[in-house]
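The values are calculated or read from the model by the stated rules, or taken from the named source; none is laboratory data. This structure is a prediction, so every number in the text was calculated from the model and none was measured. Quick reminder, even Gly has a Cβ in these numbers, built from the backbone with ideal geometry, and neighbours come from all protein chains shown. We work out accessible area using only protein heavy atoms, side chains counted, and drop any ligands, DNA or RNA first. Shrake-Rupley method; radii C 1.70, N 1.55, O 1.52, S 1.80 Å.
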Amino acid sequence: MGKLVCISIVVAALAALFGERVVNLRKRTLATRELVQNHLPNCVELKNLDYGSEDITILGNGLAFISTGLKYPGLPSQDVTAKLFVVDMKDSRKKPVELRMPRNFDLESFNPHGISLFTDPRDDAVYLFVVNHPQQKSQVELFKFAEEDFSLLHLKTITHELLHSMNDIVAVGADAFYATNDHYFSHSLLKFFVETFLVQPWSNVVYYSPEGVKVVSEGYYFPNGINLSPDKKHVYVVDLLDHNVHVLERKEDNGLVSVKSVPVGSLCDNVEVDPETGDLWLGCHPNAWKAFMQDPNDPPGSEVIRIQNIHSDEPAVTQVYADDGQVISGSSVATTYEGKLLIGTVFHKALCCDLK
């Protein structure tokens, strides 16, 4: 009888723990949030981007680089070849052009996630950093961009034990960068089931250079997008499950010190920074529970948030665009150029809209 009582107590405790964790996860994914439509004028769908546009970043000359075809556990399966595109934002047609990849590069296993650009001030050479997940591993592909024929030269593949679950990346040199690890564990079962169930602040940000690799910031639930301030003195880290953007100060040794965090009220993904105003633009998931459920009749929505004056005592956090998923589903990035707003998604399409 006593043994049966003990078993009953254990089962009841596990059931209570499971129920509490589900409630917590629903809270963090904003499962009960209802979205009010907030559209922009003259939105057009970009062609050839039917399998996502997970990250977008723009050069000063108006060339927007886009990663597509991400395959990620928990997301709708896509049996497509991943590609990189470029869009000339100064061209009224806004036509995505596929970048020419090197012949010696393994396209079959290419699985691009976050991307970042670096222009070398010494010779204006442009380098493209791409987080890649071949066979769900985690590594960085470093390319050199040739604008004359929109081609890429593969320079090297970067791997390190500290770069075990990369999501996004921001380049700070021709071969140096900061990257977010969105999970603590590297094993798929532990990452996508145990960590998702527990939801603990175990993840981190890593600095990489050929001279050394180190963890420079930690204590995140799901660090996602990362970017630099225009003066290169601060790093912005988006914690998707904590609904915050963290502001960190860069030190001489490339370490990071927390300055403040700004609540955004949404599950924000990637972050782009306006080089002129310093405004932050975020592609966000207003109700990520729907992304987990994958109900085609109730798709995940999209939201774009702008943060102005983030270093002030009262940053302005504004919703610029919102859709319930019928127009664009699962927004992951937003960036602007000359009055145009580009919105990318994890597995859906991409839009270009006029800003009001």
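Taking the stated definitions as given, is Val327 surrounded by fewer than 24 Cβ atoms within 10 Å (Cβ to Cβ) and in a strand (DSSP E or B)?
No, not satisfied.
The combined condition, being in contact with a strand residue (DSSP E or B) (Cβ under 7 Å, 6 or more places away or on another chain) and closer than 20 Å to Gly62 by Cα, is not fulfilled by Leu142. For the range 246-254, the condition holds for no residue, the condition being that it is under 28 Å from Arg306 (Cβ atoms) and part of a helix (DSSP H, G or I). Where residues in the range 150-167 are open to solvent by less than 60 Å² (accessible area, probe 1.4 Å) and over 17 Å from the mean Cα position of the chain (by Cα), which of them is nearest to Ala64 (Cα to Cα)? Among them, the one singled out is Phe150.
Just a yes or no: is a residue in the range 130-148 within 17 Å of the chain's Cα centre (by Cα), surrounded by 20 or more Cβ atoms within 10 Å (Cβ to Cβ), assigned to a loop (DSSP other than H, G, I, E, B) and modelled with pLDDT under 95? No, the conditions are met nowhere in the range 130-148. When each of Lys191, Lys233, Lys260 is tested for being within 14 Å of His164 (Cα to Cα) and either open to solvent by less than 20 Å² (accessible area, probe 1.4 Å) or at pLDDT 95 or above (or both), the lone residue that passes is Lys191.
In this entry, Val22 passes the filter for residues that are of a type outside the set (Ser, Thr, Tyr) and either at pLDDT below 95 or under 22 Å from the mean Cα position of the chain (by Cα) (or both). The listed residues are Lys71, Lys90, Lys95, and the only one of them that is surrounded by 16 or more Cβ atoms within 10 Å (Cβ to Cβ), of a type in the set (D, E, K, R) and part of a loop (DSSP other than H, G, I, E, B) turns out to be Lys71.
Scanning the range 315-356 for residues that are among the charged types (D, E, K, R), closer than 15 Å to Leu46 by Cα and modelled with pLDDT of 95 or more yields Lys340, Asp354. Going through (1) farther than 26 Å from Lys156 by Cα; (2) among the basic types (Lys, Arg); (3) at pLDDT 95 or above one by one, Arg100 falls short only on (1).
When you go through Ser186, Ser203 one by one, which is the residue that is over 19 Å from Phe65 (Cα atoms) and buried (at least 21 other Cβ atoms within 10 Å of the Cβ)?
Testing whether each residue is over 19 Å from Phe65 (Cα atoms) and buried (at least 21 other Cβ atoms within 10 Å of the Cβ) leaves just Ser203.
Yes/no matrix, rows are residues, columns are (1) farther than 23 Å from Ser67 by Cβ; (2) out of contact with any helix residue (DSSP H, G or I) (no Cβ under 9 Å at 6 or more places or on another chain):
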site	(1), (2)
Asp239	no, yes
Asn244	yes, yes
Glu249	yes, yes
Gly283	no, yes
Ala291	no, yes
Pro300	no, no
Glu303	no, yes
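Scanning the range 302-356 for residues that are under 15 Å from the mean Cα position of the chain (by Cα) and either over 23 Å from Asn167 (Cβ atoms) or aromatic (Phe, Trp, Tyr) (or both) turns up just one, Phe347.
Applying the set (1) outside any helix (DSSP H, G or I); (2) at pLDDT below 95; (3) hydroxyl-bearing (Ser, Thr, Tyr) to Thr157 leaves exactly one unmet item: (2). Restricting to the range 236-252, what's the tally of residues that are buried (at least 20 other Cβ atoms within 10 Å of the Cβ) and either without any contact (Cβ under 8 Å) to a residue 12 or more places away in the chain or aromatic (Phe, Trp, Tyr) (or both)? Here the count works out to 1.
Of the numbered criteria (1) among the β-branched types (Val, Ile, Thr); (2) in a strand (DSSP E or B); (3) open to solvent by 10 Å² or more (accessible area, probe 1.4 Å), the one Val304 fails is (3).
Within the range 183-194, residues that are closer than 18 Å to Glu218 by Cβ have Cβ atoms under 6 Å from residues that are open to solvent by 50 Å² or more (accessible area, probe 1.4 Å) in these pairs: Tyr184/Trp202; Lys191/Phe185, counting only partners at least 6 apart in sequence or on another chain.
Within the range 107-120, identify whether any single residue is among the β-branched types (Val, Ile, Thr), open to solvent by 10 Å² or more (accessible area, probe 1.4 Å) and free of Cβ contacts under 8 Å to residues at least 40 places away in the same chain, and answer yes or no. No, that holds for no residue.
Exactly one residue out of Val317, Val333 is of a type in the set (A, V, I, L, M), under 23 Å from Asn244 (Cα atoms) and either assigned to a loop (DSSP other than H, G, I, E, B) or open to solvent by 10 Å² or more (accessible area, probe 1.4 Å) (or both), and it is Val317.
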